[in-house]
Each structure stands twice: as C-alpha cells, then as structure tokens.
Amino acid sequence: MMPRRLAAIALLAVLVAASPAHAQSYRAYVAAESEDEVAVLEFTPEGGLSVEKVIRVGRWPAEIEGPHGMFFDPSGEYWYLTLGHGFPNGYLLKYETGPDTVVAATELGFFPATVSLTPDGVLAFAVNSNFYGDHVPSTVSVVDTEEMYEIEQVTTCTMPHGSRMSPDGMHNYSACMMDDQLVEMSTFSLEVTRRLNLATGEPVTDPVVHGAMAGGAMAGGAGGEMAGGAGGAMAGDMASSGMAACSPTWTTLSGDGRFVYVACNRGNEIVQVDIESWSVTRRIPADGAPYNLALTPDGSRLLATLKGSAHLAVWDLATGEQLAKIESTRKVTHGVAVTSDNRFAFVTVEGIGGQPGIVEVIDLATYARVGVAEVGKQAGGITLVPGAG
C-alpha cells in the first residue's frame, strides 16, 4: 500500500496537472491591413481569447502600408510579414519572436500578399499580387531568409495569390486570380514547372499569360481583398464583368503532398487537384465566395472562409459532406488557421466601414464559437505560433 504522504503528493500532482494554470494555450499573430498593426492573441479553453499585445508595423508613419501575409519559420524563432502598399514596391520584414522587433527587411514587387516558407525555413516565396496596377502578368519573389535578400522575381501570372509550399519543400503553389490558373514552381530551379486551368481542368501549355479577366475580380462584396485598405478598390465594383469562371484566391496542400486544394472565389467551389496526374479530381460546392482554406493536421477536414456570406464552412474530406457552416458575428471573413492538435480554428473577420476587425475561435468538436476578440481594421493574415497545441 502506498504511504499516505506519497499518495497525497501523487494526488497533488494530478490536481496541478489538471488545473487551469496548466491548461493548453494557443497563440496567434493577426495582421490588420488598414491599421498597420499586428495583434498577438492568446486563447485558452478556460479563459477564452484575449489580445496580449499590439505591434505597430510599417516603414512610413504617415501612410497605411497594408500588412498582409504572415508566416512563422519552423523553429518559431522568427516570423515574416509582407507590407503590401509599397512606394511603389512592398517589403518582406523579418521579426524576432518575443520582442517582436524587425531584424531585417527586403524590397519585393508590387503589392506582395501571401508568403510561405520552405520546410527548412531557408527560402520565402511571396506573391506580388499587383492589385492596383494594370492587369498584366506579375511575379513571385524568392527571398533568402538568412541574408534577407531577394534572389529572383519569377513571372507567373496575373494577380498571383495564395502562396503555399509542398510538404517536401520541392514546389511552391500559387493561384492566378485573373487567369484561373494554378501555378507550380520548383524551389530548386526557381522556374514554373506546370500550369493548370482550374475552370477547364486542362493543363496550360502556353507560357504567355494575357489576363483572362481584364476588368474582373473576385467575389465577396464590400470589404473584399481590395476593399477597405489604403486606397483599395471595392471587390464588388471589380466583379462586374463576370469573365472569370473561378478567380482562385488560395491554395493549401494535403499533409501527404498528394493533393492541392484551391478556392474558386467566383466559382463558389473548391477544386481538388491531384498533383501526380496534374488533373482536377473533385469539385466541392462552396456557396458564399470561398476565400482562404485550411486543412486539419490529421487530414480529415477541409475548412474555408466564405468571404461573401461571412461564414466558416467545414467539410469531411473523405465523403465531401459539409459538416458545418458557422456564421460570423461580422461581415467579410478572411483568414483561417487550425491548431496542430485539430481542436480549434482561428478565423479573421475584416468588418466593414469603420468597424474593428475581429478574430473568432471555433471549437472543431462542437462547431461552437468559443472566443472572440477585437483587433485592428480589416483583420486578414493570420499565423499560429509553432508548438501551440
């Protein structure tokens, strides 16, 4: 029989381990595009969601520079941020986590948006979306993250967006909002290796990109990608031509690297592409203008922000069944990220007019909203701190 003293110690250890002070916590960094701020948030199931601190970003205090894409390096030691509204170009900034101070920066192209890193953290790929220029082919900037210099700008397509990396780090994928294309780029040769027309499902062999949507844009109404920010044009105004069948806005890859999923914002569907055969193998209906995507780390569920209808939608990937459609408390859902334990989804919501943006936390077991916090205007890019969850 265990002595009383040892039994008491063992019981105390169990109680301490189960106490709220030792509960799992999650931390997220969120960019507010119309405030030049990044908010650091903490969530615990017991305490809810709160803003830990706000980081002022930007290089010109008198101007709104539009922080957009965010990504942590694998170690969590640094995080990277694109500033979209450059003069004329944008920037990629490297921050040290903790003090959250800039340690280096490099100039990119016109309006850099989404950024992603290779799994070793050595290279960053930032799409230069050029939202406010002519509808001409734009580029992806490849940056050496150690020295923080731009190695090359690779011409891909008109208004590239949604840069994401394959799990093996061999290819970067991005979508062409004005050309209905998925573009694959080699991280070794830094060349475009394949293109796929997402509307027709056919490979694209003509390397010349002319811009399939001159005058067109993505759906989402007031507060869309180009709305609300410094000098941004309303997405609803640009969506009048109806020339795009898809207008893809985001890519995300399955954990095994077999599939890439692409959000067709105007097409109201999510396209599943088999990477080996380079073909469309499934089209998942997604009414409400899907914008950003995420997969649960276990690969069982697909999540999408529905920017036009202000919802988060969740599908069972095995069956294609929609499991939930959760309405946001404000308009214009934007980004989504899932914790590494598959428990929670963090969703950014831009808001409209002078409203602050918000971040909502959704419990993926019950699909209930379990946390809400206000951040700066036009909350968009989001990244979770590695290791949380």
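Observations on the model:
- Computed over region 122-179, the convex hull of the alpha-carbon atoms projects to a mean area of 4.1 nm².
- Note that region 240-332 presents 37 Å² accessible area per residue, ligands and nucleic acids not counted, probe 1.4 Å.
- Heavy-atom accessible surface of region 336-389: percent carbon and sulfur, 1.4 Å: 51 percent
- Area accessible to solvent at Y91, 1.4 Å probe radius, in Å²: 40 Å²
- Extended-chain gain in nm, criterion 0.36 nm per residue less alpha-carbon gap, D134 and A104: 7.8 nm
- Per-residue packing, averaged as other Cβ atoms within 10 Å, sorts the ranges 283-289, 175-181, 337-343 into the order 175-181, 283-289, 337-343, beginning with the highest.
- Stokes-Einstein D in µm²/s, Kirkwood radius over Cα pairs - region 252-346 at 4 °C with 1.567 mPa s viscosity: 98 µm²/s
- Where region 345-389 is the region considered: accessible area per residue in Å², 1.4 Å probe: 31 Å²
- Of the GluC sites (Glu not before Pro) found in region 258-341, those that fall in a DSSP loop while having at most 14 other beta-carbon atoms within 10 Å are E276, E321.
- In the context of the full set of protein chains, residues of region 45-142 present 39 Å² of accessible surface per residue (probe radius 1.4 Å, heavy atoms only).
The values are calculated or read from the model by the stated rules, or taken from the named source; none is laboratory data. Because the structure is predicted, anything quoted here is derived from the model rather than measured. When we count neighbours, we look across all protein chains shown, and the Cβ atoms used for this are built from the backbone with ideal geometry, even at glycine. Surface areas here come from the heavy atoms of the whole protein model, side chains and all, with no ligands, DNA or RNA. Shrake-Rupley method; radii C 1.70, N 1.55, O 1.52, S 1.80 Å.
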